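Just below is one structure, and these are the notes that go with it.
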Amino acid sequence: MNSSNEVAPAVQSILDAARERPGGSSRVAVDDARSLPAAFDAAKADGRNPVVAEVKPTSPTTEGTNEGDPVELAREMVAGGAAALSVLTEPEHFGGSVENYERVREAVDVPVLRKDFLLTESQLDAVEADVVLLIARFLGDDLAPMIDAARERGMGVLVEVHSEDEVAAAVDAGAEIIGINNRDLAALETDLGTFEAVAPAVPESATLLAESGISSAAEVRRMREAGADGLLIGTAIMDGDPRENTSDFVNA
């Protein structure tokens with residue numbers, strides 16, 4: 001695994017906790033994983049922006065905690081037109097859990113991304129997931145084996161990057177779904193220009209997501225025009241009415 005040097009203290013704390021978190025007790029197999037690219041295609045065919053709406057109780061970059069039931073929040077997001085959902089399973093810093101993930105996945109019929117800081121193969125076995133997030137910056141040479149391990153279990157894989165070098169590493173590791181995070185994990189600053197600068201390095205054959213910092217209809221259109229096949233939106237949907245907010249982004 002790559003060194004976690006040059007990350008914000010809040011991120012370092014998340015990584016330290018992730019290294020200590022155990023995995024599942026037995027290997028999982030997902031026989032019915034829902035496809036994220038297929039969900040995006042269906043949304044676009046229906047005239048909707050492909051939005052991955054995030055069930056995020058809290059985070060180091062937001063204030064307060066959303067106490068709403070994750071299942072009810074998820075259902076409202078799907079009713080608002082979300083093509084897919086993202087559910088945090090990181091417990092210490094984001095208030096997530098694998099139990100929340102299981103409940104949400106059972107309650108909806110769209111793909112559900114497991115969003116966490118996964119560092120070891122055994123952590124993939126904590127829950128059966130449609131799609132898992134793997135962060136190129138933190139996995140380094142372990143990225144390709146982790147992608148393979150997830151696929152062997154039947155899971156889709158979203159590889160998160162922040163730079164052209166990380167895109168190259170992700171492609172070399174076999175990534176087919178790539179998310180460009182507009183948030184710099186070293187400074188915790190968000191710049192939508194990151195997506196615009198890095199997106200040209202992503203092969204056209206890949207499914208491309210814009211992540212973080214999207215908070216308006218204009219920004220949705222900006223990311224789509226820059227090449228985003230889908231948009232991962234968390235705080236801007238959770239802050240207020242999740243159905244209405246999701247609909248606003250979906251129909252931007």
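In terms of surrounding Cβ atoms within a 10 Å radius of their Cβ, His162, His93 rank from fewest to most as His93, His162.
Backbone phi angles across segment 115-131, fed through the Karplus curve with coefficients 6.51, -1.76 and 1.60 (θ = phi - 60°), yield HN-Hα couplings of 9, 6, 9, 8, 10, 10, 4, 5, 5, 5, 8, 5, 6, 6, 10, 5, 9 Hz in residue order; Gly and Pro are listed as x.
From Cα pairs below 8 angstrom and at least 6 apart in sequence, can you work out the relative contact order of segment 35-250, rounded to a whole percent? Mind dumping the intermediate values first?
Values: 430 pairs, mean separation 46.9, N = 216.
Answer for segment 35-250 is 22 percent.
Amide H contacts of Leu113 (H built 1.01 Å from N, in plane; Pro and chain starts excluded): Leu85, Ser86, Val87 sit under 5 Å, all sequence-distant by 5 or more or on other chains. In the chain, the calculated helix contribution to ellipticity at 222 nm averages -10500 deg cm²/dmol per residue, counting -39,500 (n - 2.57) for every DSSP H run with n ≥ 4. Label separation (Asp172 vs Asp141): 1.2 nm, computed from points 7 Å beyond Cα along the C-beta direction.
Here's how it looks for Ala226: its modeled amide H is under 5 Å from none belonging to a residue 5 or more places away or on a different chain. Length gained on full extension, Ala218 to Ala29: 64.0 nm, using 0.36 nm per residue less the C-alpha separation. Please work out whether the chain counts as rounded, prolate or oblate from its C-alpha gyration tensor, where a ≥ b ≥ c are the square roots of the eigenvalues and a/c under 1.5 means rounded, while otherwise a/b larger than b/c means prolate and anything else oblate? Judged from the Cα gyration tensor, the chain comes out rounded (a/c under 1.5). Residue by residue, segment 211-222 carries 3J(HN,Hα) couplings of 10, 6, x, 8, 9, 8, 4, 4, 6, 4, 4, 4 Hz when phi is fed to the Karplus relation 6.51 cos²θ - 1.76 cosθ + 1.60 (θ = phi - 60°); x denotes Gly or Pro. Backbone amide hydrogens, once placed in the peptide plane, bring Leu118 within less than 5 Å of Ile135, excluding anything fewer than 5 places away on its chain. Phi angles of segment 168-173 translate, via the Karplus equation with coefficients 6.51, -1.76, 1.60 and θ = phi - 60°, into HN-Hα couplings of 4, 5, 5, 5, 4, 7 Hz per residue; Gly and Pro are given as x. Projecting the Cα atoms of Ala187, Ala74, Asn49 onto the charge dipole of segment 35-250, computed from C-beta unit charges around the Cα centre, puts Asn49 farthest toward the positive end.
Ordering Arg105, Arg75 by the number of other Cβ atoms within 10 Å of each residue's own Cβ, fewest first, gives Arg75, Arg105.
Report the residue, chosen from Lys56, Lys115, Lys44, that carries the largest GNM mean-square fluctuation when the chain is represented by alpha-carbon nodes joined by springs under 10 Å. Between Lys56, Lys115, Lys44, it is Lys44 that shows the largest mean-square fluctuation. Using the Cβ-Cβ distance between Glu225 and Ala17 with R0 set to 41 Å, the FRET efficiency from 1/(1 + (r/R0)^6) comes to roughly 0.65. Relative to the Cα centre, the charge distribution of the chain, modelled as +1 at Lys and Arg Cβ and -1 at Asp and Glu Cβ, gives a dipole magnitude of about 320 debye. Per-residue extension of 0.36 nm, minus the Cα-Cα distance of Asp41 and Glu189, leaves a gain of 50.2 nm for this segment.
Each value in this text was obtained by applying a stated rule to the coordinates, not by laboratory testing. None of the values given here were measured: they were computed from a predicted structure. As a convention, Cβ positions derive from the backbone with ideal geometry for all residues, glycine included, and neighbour counts pool all protein chains shown.
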